[in-house]
Ligand SMILES: [Cu+2]
């Protein structure tokens, strides 16, 4: 950490400490606003506005909202672009670039019509800028280095100032050496709340960005030139099981706002409920233009706000439907081993490579095994639930719907306890041979050779 940071106060350390927006100290009111720092990757409680117009704050998944100060009617924020350390999930830390101690940077929340001033200090080794994706603003505030402004050199602070003209869901990211800076984790969420707090009101409003990294097992700095073959698919720079659950009270109206800053699309799928897309980065979707969905594709550079009534109790999976995106670093570049009998070569290999493990000859079921990993990486499929291994990674979390939660209680309630008789169970009756139709037509094979998989031996 930069020695200058020692003077900065550590805001929001741990969920127990309540901090209100507008609490940034007045000592430096003549100069730059303080730049609060977040050291934890835990989801912080919503930042209730203490100054300015009222609104219902959002909850940033594994993140936080940036406090501001009010100065002569202007909301002042201070972002510091800097190197950060981010825990991707327990067992793996990445050295990224971000803002104010984390990647992504803090969420910025303002109200439609607010005058906003953002100071951006560049502590990176190269020039940067901030583009306020989706906003209506003066051209010179759009943050495209070279086109609308000179890039912010290392060590310098620039000021952006504009009026948040349109309510909605936005993000911010550099428009300078973009490929490198976004591959390193520089991005953040922005929410402009409606002037009328009753408009588009929900009970719980979650936000996160989809991002992706290519970090070799054992390494901690992303490869910045990777175009498609990323090995860590993350939400707010966290991979399952490091992604917190979205905790909601039964019958709450829930909104989840998602932005995609990866290099590919992500079909986001919710279990147990239908939702509507109620907003994009272009604005709210009129009610007559919405339709029910359980999966919505989020293209590169897009944002989507989905809404649903959380009527069904339980732990409902929420994940990207691309199977490779719910896997972690060790899940890539593996050969297909289903049906391959490895038992004959296993003894020979084990003599040469004591830690060798025959992988996946019965398909999945890797979640039960623990194989030696290099330091600082994540197993490809992991996480345990109440019934065993979950065998997921990457872009996977749960929406936990519970009765009788307090309004602002976002603490993990633990696993859902299903009522007796409502869980899929083993059939205890007879299992007669299934009747199959006789093969017909010229293409049907006369005989079928079956390769019987051998068992795993000698590894745990
Ligand atoms: Cu995906």
(message) Considering only residues that are surrounded by 17 or more Cβ atoms within 10 Å (Cβ to Cβ) and within 18 Å of the chain's Cα centre (by Cα), which ones fall in segment 270-295?
(response) 270, 281
(request) Kindly list the number of the only condition in (1) surrounded by 18 or more Cβ atoms within 10 Å (Cβ to Cβ); (2) closer than 22 Å to residue 90 by Cα that fails for residue 262. (result) (2)
(request) Quick one: count up the residues across segment 269-298 that are within 16 Å of the ligand (Cβ to nearest atom) and under 18 Å from residue 189 (Cα atoms). (result) 1
(message) For segment 215-243, give me the residue count where each residue is within 16 Å of the ligand (Cβ to nearest atom) and in contact with a strand residue (DSSP E or B) (Cβ under 7 Å, 6 or more places away or on another chain).
(response) 11
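Quick check, is residue 209 in a loop (DSSP other than H, G, I, E, B) and within 20 Å of residue 170 (Cα to Cα)?
Details: in a loop (DSSP other than H, G, I, E, B): no; within 20 Å of residue 170 (Cα to Cα): yes.
For residue 209, the condition - in a loop (DSSP other than H, G, I, E, B) and within 20 Å of residue 170 (Cα to Cα) - is not met.
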(request) Return only the number of the condition from (1) within 16 Å of the ligand (Cβ to nearest atom); (2) on the phi > 0 side of the Ramachandran plot that residue 211 does not satisfy. (result) (2)
(request) Go through (1) surrounded by 24 or more Cβ atoms within 10 Å (Cβ to Cβ); (2) in contact with a helix residue (DSSP H, G or I) (Cβ under 8 Å, 6 or more places away or on another chain) one by one and return the number of the condition residue 186 breaks. (result) (2)
(request) Would you mind telling me which numbered condition in (1) more than 30 Å from residue 164 (Cβ to Cβ); (2) part of a loop (DSSP other than H, G, I, E, B) residue 197 fails? (result) (1)
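Keeping to segment 378-414, report how many residues are out of contact with any strand residue (DSSP E or B) (no Cβ under 6 Å at 6 or more places or on another chain) and either in a strand (DSSP E or B) or more than 16 Å from the ligand (Cβ to nearest atom) (or both). Give the derivation first.
Step one: of segment 378-414, the residues out of contact with any strand residue (DSSP E or B) (no Cβ under 6 Å at 6 or more places or on another chain) are 379-380, 382, 384-389, 391, 402-404, 406-409, 411-412, 414.
With the extra rule that they be either in a strand (DSSP E or B) or more than 16 Å from the ligand (Cβ to nearest atom) (or both), the set shrinks to 379, 382, 384-389, 391, 402-404, 406-409, 411-412, 414.
Qualifying residue count, segment 378-414: 19.
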(message) As an exercise: evaluate residue 85 against (1) out of contact with any strand residue (DSSP E or B) (no Cβ under 6 Å at 6 or more places or on another chain); (2) surrounded by fewer than 18 Cβ atoms within 10 Å (Cβ to Cβ); (3) at pLDDT 95 or above and give the number of the one condition it does not meet.
(response) (1)
(request) Kindly indicate whether any position in segment 256-270 is assigned to a strand (DSSP E or B), over 28 Å from residue 166 (Cβ atoms) and modelled with pLDDT of 95 or more. (result) yes
(request) Would you confirm whether any residue within segment 167-175 is within 16 Å of the ligand (Cβ to nearest atom) and either over 27 Å from the mean Cα position of the chain (by Cα) or under 27 Å from residue 279 (Cβ atoms) (or both)? (result) no
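Each row is one residue, and each column tells you yes or no for (1) in contact with a strand residue (DSSP E or B) (Cβ under 8 Å, 6 or more places away or on another chain); (2) free of Cβ contacts under 8 Å to residues at least 60 places away in the same chain.
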{"site": "285", "(1), (2)": "yes, yes"}
{"site": "293", "(1), (2)": "yes, yes"}
{"site": "300", "(1), (2)": "yes, yes"}
{"site": "309", "(1), (2)": "yes, yes"}
{"site": "312", "(1), (2)": "yes, no"}
{"site": "319", "(1), (2)": "yes, no"}
{"site": "323", "(1), (2)": "no, yes"}
{"site": "326", "(1), (2)": "yes, no"}
(request) Quick one: which residue in 105, 91, 63 is under 21 Å from the mean Cα position of the chain (by Cα) and at pLDDT below 95? (result) 91
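Which of the residues spanning segment 218-248 are surrounded by fewer than 17 Cβ atoms within 10 Å (Cβ to Cβ) and either over 19 Å from residue 187 (Cβ atoms) or without any contact (Cβ under 8 Å) to a residue 40 or more places away in the chain (or both)? It would help to see each step written out before you state the result.
Going through segment 218-248, the residues surrounded by fewer than 17 Cβ atoms within 10 Å (Cβ to Cβ) turn out to be 218-219, 221, 223-229.
Correct list: 218, 219, 227, 228, 229.
The values are calculated or read from the model by the stated rules, or taken from the named source; none is laboratory data. Being a predicted model, the structure only gives us computed values, none of them experimental. Note that each Cβ is placed from the backbone with ideal geometry, even for glycine, and that neighbours are counted across all protein chains shown.
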